[in-house]
Amino acid sequence: MRLVVERLLRDRSVSRAEIARSTGLSKQTISEVMRDLEREGWVHEDGQTQGNVGRSAVTYALRPDAAFVLGIDLGGTKLHVALADLHGKIVAESIEPTSSDGGRAVVAQIGRMKDALLQQANVPALRLRGGVMGSPGMVDPGSGSIVIAPNIPGLDSLDVKAALREQLGIEVAIENDVNLAAIGEHWRGSSRTIRSFAFIAVGTGIGMGIFSDGSLVRGARGAAGEIAYLPLGGDPYDARGLRYGTLESAVGSAGIVERYAGLGGAPGHTVRDVFDRLDTEEAARITVDEIGRILSTAILAVHSVLDPEIIILGGSIGARPELKHRIDDYLERCMLQPVRIELSTLGNRATLIGAIGSAIDLVHRSLFGIGSGSGPLALPFAAAEFAA
C-alpha cells in the first residue's frame, strides 16, 4: 500500500503496469491494492497511456478532494489558517490577529476560522481528516506539548493537542514553526534538491530548522535549532537573556529597535523604519551593519557544527536583501569558503506550506496504515497556484 501510494504521489498519474515495474510487486498485488483504493474513493481513473506494444493502459491518480487537511501558522501577532486538498492545493485560507486573551482563546479562534474555511470552500466537515500547527517556542517531539512559548501567554501551560482535538474534531500535530518552515522550503522552496541545509528565521525572535541527509533534526527534547540561546551578541550570564536568549535579545526586532535608539535614532520607530532609513541615516546604517556582523558570527558557528550545503534566511527581518548583503560581506572575512546564503522563496508562507505538507503526510499514514516509525512519504509536486 505504501509503495503504491508513494508512486501515485510522486507521479500523479500512472498505470498499474508502471507501478508494478517500479515497485517490484506482482501485477496481481497491484490490482488488488488499486481495486481497494478505487472502491474506497481514494483513487480514480485519470486517462490512458500507450503501452510498449501499442495497447493503451488506464492510468490512475489519487483523488485530491477525497480528504482535506488544515495547516495552521500560529504567531504571536498573526494567525494564518489554510484548508488544502491532498495535492496541497489551498482551497481557502484566512489571516487574523492572534487573540491576546491566552491559549484557550487562541484554540477557540482556530476553531472559528476552521468552520469558516469549510463553509467558504463548501467542504463537508467529515472530509477534514487532520492538521498540523506551527507554534513558536520549543515543542516536545514525543508528546507534541509546547514547552516554551514566550510570545503567547498561557500556551505552554495548556494541553494544546487535546484542546485542539476537542475544538476541531480532528487530530492536530504540533511542530515548531521554524521546523515547519524548513519542511516547506524542502518541499516547495529553495532546497528541494538539497539534503543538508539550515533554515534561519529572524523576525520578532530567531530560530533555526535543520535538515541533515534529507531528514529534519529535532533533538532529544525538541530543542535542536534553538539558536536564540547562542552566547552571541551579549552576555550569556545576563539574567535578562534567560527567557528569550542572548542572540535573540540582540538581533530580534526589539533588540534592533533598542540598538537603533542607543545609536541616536529617534525613539518609537519600528524595524521597518530602520531599514527604510538605511540610505539617509547613520544610526540606521550602523544598526543593520552590527546586526549583520552578529548574525554572520552565528552562521559561522552553525556552519562549523552542521556543515550545511546552504543556509536559507527567512522571517520578516532575515529575508531582507540589505541584511543578506552585509552577511555575505562579513562571511567573506571570516570563512575561507563562505557557505552559500539564500533568501527564502516562500517568504512568510513557509511555515504554512510546511504545515500543509506535514499534514498530508500524517493523513496518508492514518488512511493507509503506514507506521509512524517509517520515514516521510513522498509529497505531491507543487501546483502552480499553491505558492501564490
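Within the stretch 237-256, residues that are within 10 Å of residue 206 (Cα to Cα) and among the aliphatic types (A, V, I, L, M) reach no partner that is open to solvent by 70 Å² or more (accessible area, probe 1.4 Å) and in a helix (DSSP H, G or I) with beta carbons closer than 6 Å at six or more positions or on different chains.
Considering (1) open to solvent by 30 Å² or more (accessible area, probe 1.4 Å); (2) modelled with pLDDT under 65, the lone condition that residue 362 does not fulfil carries the number (2). Which residue is most open to solvent (accessible area, probe 1.4 Å), if the candidates are limited to the stretch 64-111 and must be of a type in the set (S, T, N, Q) and at pLDDT 95 or above? So the residue we want is 94.
Could you list, in sequence order, the residues of the stretch 221-249 that are of a type in the set (D, E, K, R), outside any helix (DSSP H, G or I) and surrounded by 20 or more Cβ atoms within 10 Å (Cβ to Cβ)?
Taking the stretch 221-249 first, the residues of a type in the set (D, E, K, R) are 221, 226, 235, 238, 240, 243, 248.
Still in the list and also outside any helix (DSSP H, G or I): 221, 226, 235, 238, 240.
Correct list: 226 only.
For the stretch 7-20, a residue qualifies if it is within 34 Å of the chain's Cα centre (by Cα) and modelled with pLDDT of 85 or more, and the qualifying residues are 14, 15, 16, 18, 19, 20.
Take the conditions under 22 Å from residue 179 (Cα atoms), touching a Pro at 6+ places or on another chain (Cβ under 9 Å), touching a residue at least 12 places away in the same chain (Cβ under 8 Å) and not in a helix (DSSP H, G or I) and apply them to residue 79. Does it pass? Spell out how you get there, then give the answer.
Numbers: under 22 Å from residue 179 (Cα atoms): yes; touching a Pro at 6+ places or on another chain (Cβ under 9 Å): yes; touching a residue at least 12 places away in the same chain (Cβ under 8 Å): yes; not in a helix (DSSP H, G or I): yes.
Against the criterion (under 22 Å from residue 179 (Cα atoms), touching a Pro at 6+ places or on another chain (Cβ under 9 Å), touching a residue at least 12 places away in the same chain (Cβ under 8 Å) and not in a helix (DSSP H, G or I)), residue 79 qualifies.
Being out of contact with any strand residue (DSSP E or B) (no Cβ under 9 Å at 6 or more places or on another chain) and open to solvent by 20 Å² or more (accessible area, probe 1.4 Å) narrows it down to one of 154, 169, so name that one.
Values: 169 fails: out of contact with any strand residue (DSSP E or B) (no Cβ under 9 Å at 6 or more places or on another chain).
Being out of contact with any strand residue (DSSP E or B) (no Cβ under 9 Å at 6 or more places or on another chain) and open to solvent by 20 Å² or more (accessible area, probe 1.4 Å) holds for just one of 154, 169, which is 154.
Applying the criterion of being open to solvent by 40 Å² or more (accessible area, probe 1.4 Å), not in a helix (DSSP H, G or I) and not aliphatic (A, V, I, L, M) to the residues of the stretch 1-21, the residue that is nearest to residue 87 (Cα to Cα) is 12.
Under the condition of being within 20 Å of residue 230 (Cβ to Cβ) and basic (Lys, Arg), the residues counted in the stretch 283-330 number 3. In this structure, does residue 88 turn out to be outside any strand (DSSP E or B) and under 30 Å from residue 219 (Cβ atoms)? For residue 88, the condition - outside any strand (DSSP E or B) and under 30 Å from residue 219 (Cβ atoms) - is met.
Looking only at the stretch 22-63, count how many residues are part of a strand (DSSP E or B), modelled with pLDDT of 85 or more and exposed (fewer than 15 other Cβ atoms within 10 Å of the Cβ).
We begin by selecting, within the stretch 22-63, every residue part of a strand (DSSP E or B); these are 43-50, 56-62.
Filter once more, keeping what is modelled with pLDDT of 85 or more: 43-45, 58-62.
Now drop any that are not exposed (fewer than 15 other Cβ atoms within 10 Å of the Cβ), which leaves 44-45, 58.
The total comes to 3.
When residue 216 is tested against (1) within 22 Å of residue 152 (Cα to Cα); (2) not in a helix (DSSP H, G or I), only condition (1) is not met.
Within the stretch 282-328, how many residues turn out to be among the β-branched types (Val, Ile, Thr), within 19 Å of residue 254 (Cα to Cα) and open to solvent by 60 Å² or more (accessible area, probe 1.4 Å)?
As a first pass, look at the stretch 282-328 and keep what is among the β-branched types (Val, Ile, Thr): 286-288, 291, 294, 297, 299, 302, 305, 310-312, 317, 327.
Remaining after also requiring within 19 Å of residue 254 (Cα to Cα): 286-288, 291, 294, 317.
So of that shortlist, the ones also open to solvent by 60 Å² or more (accessible area, probe 1.4 Å) come out as none.
Residues flagged as among the β-branched types (Val, Ile, Thr), within 19 Å of residue 254 (Cα to Cα) and open to solvent by 60 Å² or more (accessible area, probe 1.4 Å) within the stretch 282-328 amount to 0.
Among the residues of the stretch 94-130, the ones that are touching a residue at least 60 places away in the same chain (Cβ under 8 Å) and either among the hydrophobic types (A, V, I, L, M, F, W, C) or not in a helix (DSSP H, G or I) (or both) come to 4 in all.
The values are calculated or read from the model by the stated rules, or taken from the named source; none is laboratory data. Note that the structure is predicted; figures quoted are calculated from it, not measured. Neighbour counts are summed over all protein chains in view; Cβ atoms, including those assigned to glycine, are modelled from backbone coordinates with ideal geometry. These accessible areas exclude ligands, DNA and RNA; they are computed on the full protein's heavy atoms, side chains included. Shrake-Rupley method; radii C 1.70, N 1.55, O 1.52, S 1.80 Å.
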